[in-house]
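What follows is a set of notes on a single structure, which appears directly below.
Derivation of every value follows stated rules applied to the coordinates shown; laboratory data play no part. Since the model is a prediction, treat every value here as computed from it, not as a measurement. We place every Cβ from the backbone using ideal geometry, glycine too, and count neighbours over all the protein chains shown.
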Amino acid sequence: MATEGDPTALVKVLHLLVLSFSWGMQVWVSFIAGFVLVQKVTRHTFGLVQSKLFPVYFHCLLGSAAVSLALYAVYHPRELLDWHETVQMCLYLVALVAAGVNGQWLGPAATRVMFQMREVEQEHGLGQQVGLGSQKEAYAQLRERDPKYRVLKGAFGRYHGMSSLCNLVGFLCTTANLVYTALNLSTI
């Protein structure tokens, strides 16, 4: 292990708590909450909830990644890193960048486009059904008839896709760091 000084028990606990908090939040928001919520509320309510939840989520991830990277970097000076520690440091950095890109650019852009799509859908009486699968045909017809909606749908798909990819990359980085930390508890 490459350290200039041993972290205190408090620092070790803080590091593990922040990493665990981040991972748990990512699991819940990415894989559980959305699937449950989409089956219980209308499409537009689902979008509104996400527009309020995601900024908090992305900024919590950003803060957690920054704290994790800072704590790791303090006790693992660059000059003393072996290749395993270098990979772990890079994973912390990638998680930080992914959360930052999502929080500052992709999330807000997707939300703006989603609200524009919502206006068009409301004009056509859509968006009040529960579940994303209902009224597929009506949405397909709207996409065919309304060029503005088609452009918005494409833009939303791109932003949402890039945001999901960033979120997945951040989740994988956090998972790898959590596993590595668990396997090397004495070297936190």
Identified option (computed semi-axes √(5λ) of the Cα gyration tensor in Å; candidates [x] 46, 19, 13; [y] 25, 19, 16; [z] 41, 15, 12): [z]
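In what order do Thr174, Thr181, Thr45 fall by count of nearby beta-carbon atoms within 10 Å, going from fewest to most?
Values: Thr174 28, Thr181 19, Thr45 15.
Going from sparsest to densest Cβ surroundings: Thr45, Thr181, Thr174.
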Order of Leu142, Leu69, Leu37, Leu106 - criterion: other Cβ atoms within 10 Å of each residue's Cβ, fewest first: Leu37, Leu69, Leu142, Leu106
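How would you rank Met117, Met25, going from fewest to most other Cβ atoms within 10 Å of each one's own Cβ?
Numbers: Met117 23, Met25 18.
Final ranking by Cβ density, sparse to dense: Met25, Met117.
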CD proxy at 222 nm, helix term only [per DSSP H run n ≥ 4: -39500 (n - 2.57); per residue of the chain; nearest 500]: -25500 deg cm²/dmol
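Sorted by mean Cβ packing within 10 Å, highest first, what order do the peptides 160-169, 71-80 take? Please report the intermediate quantities before stating the final value.
Working: 160-169: 17.1, 71-80: 15.1.
In descending order of packing, they fall as 160-169, 71-80.
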